[in-house]
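Just so it is clear, none of the values below were taken in a lab; they were calculated from the coordinates. Everything numeric here is computed off the predicted structure, so don't read it as measured data. For neighbour counting, all protein chains shown are included, and Cβ atoms are generated from backbone atoms with ideal geometry for every residue, glycine included.
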Ligand code: HDD
Ligand code: HEM
Ligand code: HEM
């Protein structure tokens, strides 16, 4: 590992930082995009209640994406150019989706009431488009931008799967943050998206190794097989946990008992973390599969060091005040008013 | 049709995006501070009119902020996709600056925005005032970092080139590069003026619609006095900025003045049509010796002409006219704001023609700001980083067809959003005076309160 000596650890540290930012993004913006995907299924007052549950958070959630891309840009400029050029179209679609969703937050309550219906649709459409394009990007990325019909089909599968996963995050978030009819609906939505997510993850896990030799070798070489085995097992256990909890919740919630209402969300976050870990394990140390490693892509050491020191000082503060913001809005969402 | 030059397309796309983006930060930077002002006034006087002012303008702030965020996220992706050569050459300097903007400013403002907008009932009044302060400081800090980077691109300092890559040698010199203090001051003042005219324009609009509550009068006065106080400062700051530019980027100043030959006692052109092909101006209308007086403080001082920089100066027509649009708007702002102050002081009530003028100038800050940025950015051409990297060498390898498609999509999106934004701002102004009709939100709200 001479790569690690002599400042070579910095790219690894930045990879970890970028990984944390991306994972934080997927989980955090995942739940609010998920709420957007589910929006269409609720009636008008419920829509307001659902959006109240994410209103104070979405902007900060999206900032993790800016950080992740920022690190890719500043720490691995070579890979940034390659990845974002290869993903130009899905990225543009994602930006379109995020823009529409973001402005709809504001326009839906401030435009003349007659327009509200339209902005609700924009909110839903934007959330769905952003989620699907992110899945598309993931699929294309994992296969090293190989192109070809099979890879695109795979990418479309990951796109659909990510929408289901976000919907699951969103529904389980709503179970925590809402009450009454929406909460019960959210349990039903969570059941539906749980099945879709489970099917999707299984399909992706089967297809992935067959698309990349690199990943196949990593998964099925001998010590690795045992080291990796806990991931699918733990994932399966989490799925079961969510499934059982969703079975019990409706009667309990109807009786006003909130015990265990956070379990499905926490377990879903666990599934996302495991999937992320599996992915990171499969790809390391490649930034672009079979093309660029993190060491080939990194920028100059002194500049990385400056950012690293800054990040080490500022990130704890960010985590601290983010926790504070979540505490301020702890408990059930109230209607969003500015005063 | 897709044999369009990818460099031109990438530039046009980036220019369109950042033009759209800057409209919103220009408002949020100063409006954050103004909201803090309203809030503090209310805390001290307990006069409801300041709370009403806060409640109305915080809505516009939230809307503007959302547009700034989504367009900013688009920017952060395009930075790499449209200018890979930029990061490859000066990434070691641009990278840390961008990273510090995200780490120190974006998270701060985005997180406390939630508390500022929706937390009023959940935190103490003190904490809420503090959240407002943090959001205002966060937007200003974000402007600080991005203007550092932008100024460094105009007047690079504190680095050395090794194998065609810039390496930082002195971070303080990079941050406080020669044009930074001028550009940052000028931009913050531009933001203040944009908001001053936005607030006075919308207040005048409400006043004209017979919504003459104490809060409308208070915001009208605040806006007008703010404009009247800031505009002389802006003109002075702009003049200093120009003198500094003359020192570091003389070709840009020659383009702003439309001066082809180096001249002693150069005239100030009020009107002209610069012709880049023939290298001369058509239809000149000028004040003799004025340009020399402004730029050198001597009637017969020498000003360098564009012909000294053949092949390495910016396109003249755009810079020349953008500069006149900015300065012209600034002069109009001076005239109107001072007339309004005079009228507010002298007359028992405000007068209609001035109110109409203010309404017409609601978004005049946007015009001057965008024109100013065009002077600055187009005036730097053909360089991307002045004297270090040419724009043509930084462009991307993305095929033109792809850029053209997404470009069309962005333009359609932006036009729609600008129309929606402006009409919703006026819609909010119209509905502000009236009691709010029962919408699902208010119904839900009262239900939750009784529950
Ligand atoms: C941190 C960097 C940065 C910042 C803060 C700005 N720009 Fe810029 N601008 C660039 C970095 C840049 C650039 C990447 O350097 C471009 C691309 C091509 C070029 O020459 O410079 C550019 C070009 C560019 C062009 C096209 C010029 C041409 O091709 O002739 C326009 C119209 C603008 N910009 C407008 C703006 C506006 C309205 C800004 C207000 C915020 C602004 N720029 C801030
Ligand atoms: C080079 C081009 C630029 C890039 C890449 C960029 C990037 C961004 C991004 C990613 C955001 C969203 C942050 C969030 O999530 O809150 C943002 C917002 C913001 N930007 Fe920019 N920006 C650029 C130019 C500018 C300029 C020139 C200014 C100011 C003078 C500016 C000031 C701001 C401010 C104050 C915000 C806060 C959000 C808002 O006001 O709506 N930016 N920018
Ligand atoms: C009326 C007198 C004014 C003068 C003499 C003046 C001067 C200048 C000059 C010389 C530049 C270019 C500097 C460079 O590129 O190096 C500039 C840029 C700019 N101006 Fe003005 N300006 C004036 C009014 C205004 C007003 C009223 C606004 C907005 C409300 C404004 C907003 C801007 C902006 C946003 C820029 C680009 C950023 C920068 O380089 O500072 N200016 N101005």
Helix B:6-45: inclination vs chain B longest Cα principal axis, degrees, rounded to 10, gives 40
So residue A:319 and residue A:295, fully extended at 0.36 nm per residue minus their Cα-Cα distance, gain in nm 5.8 nm
Plugging the Cβ-Cβ distance of residue B:302 and residue B:243 into 1/(1 + (r/R0)^6) at R0 = 25 Å yields, to the nearest 0.05, a FRET efficiency of 0.95
Hull surface over four for the Cα convex hull of chain B, reported in nm², is 25.3
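Can you give the average number of partner chain beta-carbon atoms within 10 Å of each beta-carbon in peptide A:322-333, as a whole number?
Across A:322-333, the average partner-chain Cβ count within 10 Å equals 3.
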Simple spin-label estimate for residue B:16/residue B:418, 7 Å along Cα→Cβ, in nm, reads 1.1
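According to the square roots a ≥ b ≥ c of the eigenvalues of the Cα gyration tensor, what is the shape class of region B:1-77, taking rounded for a/c under 1.5, prolate for a/b larger than b/c otherwise, and oblate for the remainder? Show your work: numbers first, answer last.
Details: a/c = 5.09, a/b = 4.50, b/c = 1.13.
Verdict is prolate for region B:1-77.
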In degrees rounded to 10, the 0-90 angle between helix A:9-38 Cα long axis and the longest Cα principal axis of chain A is 20
Per its Cα gyration tensor (rounded if a/c is under 1.5, else prolate when a/b beats b/c, else oblate), the protein assembly as shown is best filed as oblate
Note on chain B: contact order normalised by length, alpha-carbon pairs under 8 Å, 6 or more apart, percent, works out to 19
With label points set 7 Å from each Cα along the Cα-to-Cβ direction at residue A:277 and residue A:327, the distance between them in nm comes to 2.8
If R0 = 51 Å, then residue A:150 and residue B:431, at their Cβ-Cβ distance, give a FRET efficiency to the nearest 0.05 of 0.40
Put in order of increasing Cβ neighbours within 10 Å, starting from the fewest, A:322, B:185 give B:185, A:322
In deg cm²/dmol, rounded to the nearest 500, the helical mean residue ellipticity at 222 nm of chain B, built from -39500 (n - 2.57) for every DSSP H run of length 4 or more, is -24500 deg cm²/dmol
The exposure ranking of B:297, B:427, B:241, fewest beta-carbon neighbours within 10 Å first, is B:297, B:427, B:241
FRET efficiency (residue A:202, residue B:367; Cβ distance; R0 56 Å; to 0.05) is 0.45
Output field shielding_mean for A:46-59 (other chain Cβ, 10 Å radius) holds 4
Expected sort for B:374, B:342 with the fewest Cβ neighbours (10 Å cutoff) up front is B:342, B:374
Computed over chain A, the relative contact order (Cα-Cα under 8 Å, seq sep at least six) in percent reads 23
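Just tell me how shielded B:118-124 is by partners: mean number of partner chain Cβ atoms within 10 Å of each residue's Cβ, no decimals.
5
Expressed as a whole percent, how much of the Cα-Cα distance distribution for region B:1-151 exceeds 23 Å?
The answer is 44 percent, as a whole percent.
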Taking Cα atoms only, helix A:58-75 is inclined relative to the longest principal axis of chain A by an angle, in degrees rounded to 10, of 10
Checked chain A against the a/c 1.5 cut and the a/b vs b/c comparison, axes a ≥ b ≥ c from its Cα gyration tensor; verdict prolate
